[in-house]
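A short reminder: the numbers here are calculations on the coordinates, not readings from a lab. It should be emphasised that the depicted structure is a prediction, and the values quoted were computed from it without experimental measurement. Cβ placement follows ideal geometry from the backbone for every residue including glycine, while neighbour counts extend to all protein chains displayed.
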Amino acid sequence: MQLTVIGSGDAFCANGMLHSCYLLEQAAGTLMMECGPGVLAGMKRLGIPTDASDTVLISHLHGDHFAGVPFLFLEYTYANPRTRPLQIIGPRTTEDRVYTLYDELYKGMICRELPFPVEFVELEPGDVHEAAGFTVEAFEVPHNAEPYSLGFNLDSAEGRVLFSGDSSWTDEFVARSQGVDLFLCECCCIKPVVPVHTSYEEILAHRDALGCARLMLTHVAQEVRERKNLEIECAYDGLVIELAGSGSQARSLKGSRSGSS
Ligand SMILES: [Zn+2]
C-alpha cells in the first residue's frame, strides 16, 4: 500500500502546506482521505491524475477537510470529465453540506445534475464500511465540528492505518494504534493549549504506549514544524510512504512519481 500526502497543513496552511488530503493506493482500490480546497493544485503538482480515486473519505465537515469536493465536481465536469461514479463518505449531513457549498460557490450551476453519478455514504460513529478495498471503521473523536468528528481505522490486506482526523488527545488512540502500520496523528500545537486539537507534548507523552509501527504528525502547526529537535516525524506535501504490512519506508516524491494510476 502506498500513502501519498497531498496536503499536510493545518487550517492556516502553515509553512505553505496545503489543507488536508491523502491518497491511499493498493491493488484493491484507491481511496482519497480528506479533500481540502487545495486538492486539485496538490494532485496536479505531484502529477497525480485528478480522477485517481473513485472514493473520497471525509472525517468531519470543516472547510479544510471537505471544501475541495466542489472543485472535484468542477474538474470532473469540465477539465477531466468523468462518467464513473464517485462515492463520498463522511459524517451525517455530508451530502447536504457538499451541495450547499457547491451552490454557494457557483450559484446558478445545476449542481444536482452532474454528468457522473455521486453516491453519498453518511457514517455514524461506530459504523464499518467497505470502500476501495479497505474496511473503514469510523469512531467519534473529540473536536468541535457539527454534527460530530470521526477518526478512522483503515484495514486492508496490504496494511493498516489509524487516522486521528482532527481531535484533541484521546486515550482511544492508544488502543486503536495496536498493530497498525501507521498512525497519522494531527498535531496543532506544542503544548496542550488548544482544547479541540492534539499537542506535540501529549503525543510524545503517550508515544511509548502506542502500538503503531510508525507514528507521523500531520495537520501540522507552524510552531510544531519549526521546532528544533522534533522527536516525531512530520508529514509534508509530496511525501510518499510505502506500507509493507509490518513497518514502512518513506521516500520523497520530488517529481519522481511514476506509474501512478
Ligand atoms: Zn482541520
message = Apply the Karplus curve 6.51 cos²θ - 1.76 cosθ + 1.60, θ = phi - 60°, to the phi angles in the stretch 154-169 and return the couplings in whole Hz, x for Gly and Pro.
response = 10, 10, 8, 5, 9, x, 10, 10, 10, 10, 6, x, 9, 6, 6, 4
ask   = Whole-Hz Karplus ³J(HN,Hα) for the stretch 52-59, in order, using 6.51 cos²θ - 1.76 cosθ + 1.60 and θ = phi - 60°, x for Gly and Pro?
value = 4, 10, 9, 9, 10, 10, 10, 7
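Given the -39500 (n - 2.57) contribution per DSSP H run of 4+ residues, what per-residue ellipticity at 222 nm results for the chain, rounded to the nearest 500 deg cm²/dmol? Don't jump to the answer; show the numbers that get you there.
On the way: 7 runs with 45 residues, N = 261.
Mean residue ellipticity at 222 nm (helix-derived): -4000 deg cm²/dmol.
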task = Could you please report the charge total around Gly133, scoring K, R as +1 and D, E as -1 over all other residues with beta-carbon less than 14 angstrom from its beta-carbon?
result = -4
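Within a 10 angstrom radius of the beta carbon, how do Leu184, Leu40 rank from fewest other beta carbons to most?
Lowest count first: Leu40, Leu184.
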task = Within 10 Å, count the other beta carbons around each residue, average over each peptide in 229-235, 189-195, and list them highest first.
result = 229-235, 189-195
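Report the local net charge at His19: Lys and Arg +1, Asp and Glu -1, summed over other residues whose C-beta lies under 9 Å from its C-beta. Intermediate results must be reported in sequence, preceding the final value.
Numbers: positive: none; negative: Asp10, Glu34, Asp64.
That sum, taken over residues with Cβ under 9 Å, equals -3.
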request  = Take the alpha carbon atoms of the stretch 40-66, find their center, do the same for the stretch 131-196, and report the distance between the two centers in whole angstrom.
outcome  = 18
task = Please list the non-local residues whose amide H lies under 5 Å from the amide H of Cys189, H modeled 1.01 Å from N, same-chain partners needing a gap of 5 or more.
result = Tyr200, Ala221
task = Would you kindly derive the ³J(HN,Hα) couplings of the stretch 115-127 from the backbone phi angles with the Karplus curve 6.51 cos²θ - 1.76 cosθ + 1.60 (θ = phi - 60°), listing them in order in whole Hz, with x for Gly and Pro?
result = x, 9, x, 10, 10, 9, 10, 9, 9, 9, x, x, 5
ask   = Once amide H atoms are built 1.01 Å from N in the peptide plane, which residues 5 or more positions from Ile58, or in another chain, come under 5 Å H to H?
value = Glu34, Ile89, Gly90
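Report the local net charge at Val39: Lys and Arg +1, Asp and Glu -1, summed over other residues whose C-beta lies under 14 Å from its C-beta. Intermediate values should be presented prior to the final figure.
Details: positive: Lys44, Arg45; negative: Glu34, Asp51, Asp64, Glu75, Asp237.
Charge balance in the 14 Å sphere: -3.
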query = Each label point is 7 Å from the Cα along the Cα-to-Cβ direction; what then is the distance between the points at Glu95 and Glu124, in nm?
reply = 1.6
message = 7 Å from Cα along Cα→Cβ at both Ile232 and Thr83: what's the point-to-point distance in nm?
response = 4.7
message = On C-alpha positions alone, give me the angle between the axis of helix 94-105 and the longest principal axis of the chain, in degrees, nearest 10.
response = 60
